[in-house]
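To start, the structure under review is shown below, and the notes come after it.
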Amino acid sequence: MVIDSIKKKKVIIAFLGILLLIYTVPCFFLNTPYFIDGVNTLSLDFFMQGYDWKNYLQADGYYYKYGLALIYLPIFFVIHNPSILYKTLLIVNGILSLSVPYFSLKICRKYFHMDMKISLAISGVIGILPFFVLNIKHTWAEVLLIILPWILLYLIMNIYDNIQTGNEKAFRKNIFLSSLFSAYAYMAHSRGIVILLTTIIVIGYIIISEKKYLKEFIFFLLVILGFCYLDLKINGWIRENIFPIGEFSQNSSIGSVFNKEMIGIIFSINGLKTIIRIFCGWIYNISVSSFGLVILGLIEIIFTMFSILKKRKVENKQYFIVITFIELFFIGAFILGALFFLKDIMYYYAEVNLRRSDKLLYGRYIEPSAMMLSFLGIYVLLNKLNKYKRKISIILFGLVTLFFCYDIAERLNNVSTWTHNLVTINGFADLTEMGRGFVTVENYSAPLITIGVISLAIFSMLIIFRNKLKYNTICGIYIIIFLCIGFRGITNVLIPEDKYYMESTHPLSSLFEQIDGLPAEYKVIYLEDELIRCAYQFQFPDFYVVTQRDQNRYTIENMFIVSETSLDTLTLYLEEYYEITDCNTTSSWKIYVKGKQLNELLNQKGISTQKVTVK
């Protein structure tokens, strides 16, 4: 017995070790965050290092809260090289992310009573889902929004088990940990409120239905209220000291979408029509990238709830708790995400604001819950598939695909998009030469339709021939497909984009290596292309990075200017400009200097410049 236990532990360690390699090896090829979600999340860490980003955040200050920044903070005191720092943060993401396959394995073994081999196969599929593996390659709060629900679901299952066995000590421990992790989800991101409310509702249901531990549940709620009050105070301090409110500064909070105007839009004909379009587009994304597992998970929820309503009783309460948690998590995540984007997408369809076509297929807000739907889907595929679920899942996936082809696909062409937001489904589009990330793809619909049809076809074959296939064959097919999607996403999108932004910073990095002791008043960088702003702020954290968003750009007397074109196109007042002529780089980006004093200082330090006449 002891020998078997040791063997199982070794197998689990080896399993997690392989996954850790998959999670972390790509990190060594990435050097910088390049969009605000990945940079602004780190503003607290840089502030604690003594860097003042108020000017930068005032112009581009979406606030993403601080939960992940607290985990990262110790690393900032040890590592100061930006590229090495970023790699390390991503490796931390990978280590934290092991909790997903670990807790999915524990749930399979302990509460679904499954064999170790099948449990490992299911956890392997979940552990390399494309929208999981690729999401953790950024320093954004998505990492915690994906991880924490798995910890909470396991704790909730423990709570129910503790009630059944009468283990009061374990119950109190688990319910306290549930209050801690659920509140922390809200501290990680405002969208974590969905995880918090889902946890409260499910635990509340368990307590009320079992008619036990009501006092402990009240204590659980009080602890959450205490953490929420603490969160309010921390937010206030951060907003006061780090995130100033400016003309372009925004707080991506829940309150920004719940107002009278939004309520009127939601219940209008156009609003309801747009919500349906959002649902179909987002479901298409996560269904295609999961190769039907999300669809099967949704079907299982519908079947389970219908069966309970029909029989008017819950036959398997443990399974019902899992279903309820996943269902509420998904519904809440979709509603909140749809409200955030409702006006943008409504205007997009009205052709009033044709930009960010990725929002039509934006899976990111529901991908944490899609992880759990996929878990439910693979479990059903291996254990609970019947002829009705077979037919309905294929039909539903087909209808979603048809809707995409008919209503959405053509609207994606020739419109600006963030390619990393569709990284799990744009593998058939060659984006390696579009490293800028925010690009216009001429025929974007074709590759997205292609992957959808392939996904539907493979899913249908697995469903139809399920009885002839062993569980390891099915899981093996999914694992191979997901590894291919992940590899393609990293090599087709993430690495090319990282390379583009690092190349843009290389001329200045090369220059600053030749300069020692640059006074603080000269640590200003003006960028012609504001898209590279985030990468610059991360790579040069002690500089003030300026773009056309900054209203004070005209009054700054001395600063560096980075541009791919001549100065004639810049929206700056005519001053004395100089081009640095001996910058040791082959990059197409040029470095100019505004200000006589800064130019003289550079000349004294041995940097050659020549005066530039602006036409």
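The values are calculated or read from the model by the stated rules, or taken from the named source; none is laboratory data. As the structure is a prediction and not an experimental result, all values here were calculated from the model. Every residue, glycine as well, gets a Cβ built from its backbone with ideal geometry; the counts of neighbours run over all protein chains shown. Just the protein is used for accessible areas: all its heavy atoms, side chains included, with ligands, DNA and RNA removed. Shrake-Rupley method; radii C 1.70, N 1.55, O 1.52, S 1.80 Å.
Would you confirm whether any residue within segment 80-99 is out of contact with any His (no Cβ under 7 Å at 6 or more places or on another chain), among the aromatic types (Phe, Trp, Tyr) and assigned to a helix (DSSP H, G or I)? Within segment 80-99, one or more residues are out of contact with any His (no Cβ under 7 Å at 6 or more places or on another chain), among the aromatic types (Phe, Trp, Tyr) and assigned to a helix (DSSP H, G or I). The residues of segment 165-205 that are among the polar types (S, T, N, Q) and without any contact (Cβ under 8 Å) to a residue 24 or more places away in the chain, listed by number, are Thr165, Asn167, Asn174. In this structure, Leu98 does satisfy being within 22 Å of the chain's Cα centre (by Cα), over 22 Å from Ile201 (Cα atoms) and open to solvent by 10 Å² or more (accessible area, probe 1.4 Å). Here Gly281, Gly297 are screened, and the one residue that is within 30 Å of Ile458 (Cα to Cα), surrounded by 15 or more Cβ atoms within 10 Å (Cβ to Cβ) and either modelled with pLDDT under 90 or touching a Gly at 6+ places or on another chain (Cβ under 7 Å) (or both) is Gly297. For Met371, the requirement of being under 23 Å from the mean Cα position of the chain (by Cα), assigned to a helix (DSSP H, G or I) and not charged (D, E, K, R) is met. When segment 11-42 is filtered for residues that are among the polar types (S, T, N, Q) and over 17 Å from the mean Cα position of the chain (by Cα), only Asn31 remains.
Would you confirm whether any residue within segment 112-133 is touching a residue at least 12 places away in the same chain (Cβ under 8 Å), out of contact with any Gly (no Cβ under 8 Å at 6 or more places or on another chain), of a type in the set (S, T, N, Q) and more than 25 Å from Gly292 (Cβ to Cβ)? Among the residues of segment 112-133, not one is touching a residue at least 12 places away in the same chain (Cβ under 8 Å), out of contact with any Gly (no Cβ under 8 Å at 6 or more places or on another chain), of a type in the set (S, T, N, Q) and more than 25 Å from Gly292 (Cβ to Cβ), which makes the answer no. Taken over segment 470-486, the residue count meeting the criterion of being open to solvent by 20 Å² or more (accessible area, probe 1.4 Å) and within 12 Å of Leu382 (Cα to Cα) is 4. Out of Arg436, Arg411, one residue alone is open to solvent by 50 Å² or more (accessible area, probe 1.4 Å) and outside any loop (DSSP other than H, G, I, E, B). It is Arg411.
If you go through segment 517-531 and keep only what is under 20 Å from Tyr554 (Cα atoms) and either of a type in the set (A, V, I, L, M) or not in a strand (DSSP E or B) (or both), you end up with Ala520, Glu521, Tyr522, Lys523, Val524, Ile525, Leu527, Glu528, Asp529, Glu530, Leu531. Looking only at segment 329-336, decide whether some residue is without any contact (Cβ under 8 Å) to a residue 12 or more places away in the chain and closer than 25 Å to Ser97 by Cβ. Looking for residues that are without any contact (Cβ under 8 Å) to a residue 12 or more places away in the chain and closer than 25 Å to Ser97 by Cβ, one finds at least one in segment 329-336, hence yes. Cβ separations smaller than 6 Å between residues 6+ apart or across chains give the following pairs from segment 344-367 residues that are surrounded by fewer than 16 Cβ atoms within 10 Å (Cβ to Cβ) to residues that are not in a helix (DSSP H, G or I): Tyr347/Asn353; Leu354/Val415; Arg355/Ser416. Is there a residue in segment 60-67 that is touching a Gly at 6+ places or on another chain (Cβ under 8 Å), open to solvent by less than 10 Å² (accessible area, probe 1.4 Å) and not in a helix (DSSP H, G or I)? Looking for residues that are touching a Gly at 6+ places or on another chain (Cβ under 8 Å), open to solvent by less than 10 Å² (accessible area, probe 1.4 Å) and not in a helix (DSSP H, G or I), one finds at least one in segment 60-67, hence yes.
Conditions (1) of a type in the set (S, T, N, Q); (2) within 23 Å of the chain's Cα centre (by Cα), marked per residue:
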| position | (1), (2) |
| --- | --- |
| Tyr111 | no, no |
| Ser119 | yes, no |
| Ile126 | no, yes |
| Leu129 | no, yes |
| Thr139 | yes, yes |
| Gly166 | no, no |
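Only residues that are touching a Ser or Thr at 6+ places or on another chain (Cβ under 9 Å) and either open to solvent by 20 Å² or more (accessible area, probe 1.4 Å) or at pLDDT below 90 (or both) were counted in segment 534-553, giving 3.
Residue-level check: of (1) closer than 29 Å to Cys27 by Cα; (2) of a type in the set (A, V, I, L, M, F, W, C); (3) in a helix (DSSP H, G or I); (4) at pLDDT 95 or above, Phe131 misses just (4). When segment 501-516 is limited to residues that are open to solvent by 80 Å² or more (accessible area, probe 1.4 Å) and part of a helix (DSSP H, G or I), the one that is farthest from Glu579 (Cα to Cα) turns out to be Glu503.
Residues of segment 415-433 that are part of a loop (DSSP other than H, G, I, E, B) and under 16 Å from Leu361 (Cβ atoms): Val415, Val423, Thr424, Ile425, Asn426, Gly427, Phe428, Ala429, Leu431. With respect to the conditions (1) surrounded by fewer than 23 Cβ atoms within 10 Å (Cβ to Cβ); (2) under 23 Å from the mean Cα position of the chain (by Cα), Gly427 falls short on a single one, namely (1). In contact with a Phe, Trp or Tyr (Cβ under 8 Å, 6 or more places away or on another chain), surrounded by fewer than 20 Cβ atoms within 10 Å (Cβ to Cβ) and either of a type in the set (A, V, I, L, M) or closer than 20 Å to Val288 by Cα (or both): does that describe Ile458? Spelling it out, Ile458 is indeed in contact with a Phe, Trp or Tyr (Cβ under 8 Å, 6 or more places away or on another chain), surrounded by fewer than 20 Cβ atoms within 10 Å (Cβ to Cβ) and either of a type in the set (A, V, I, L, M) or closer than 20 Å to Val288 by Cα (or both). For Trp150, work out the one condition from (1) more than 24 Å from Lys212 (Cβ to Cβ); (2) open to solvent by 30 Å² or more (accessible area, probe 1.4 Å); (3) assigned to a helix (DSSP H, G or I) it doesn't fulfil. For Trp150, the failing item is (2). Please count how many residues of segment 109-122 are within 17 Å of Leu152 (Cβ to Cβ) and part of a helix (DSSP H, G or I). Total satisfying the criteria: 1.
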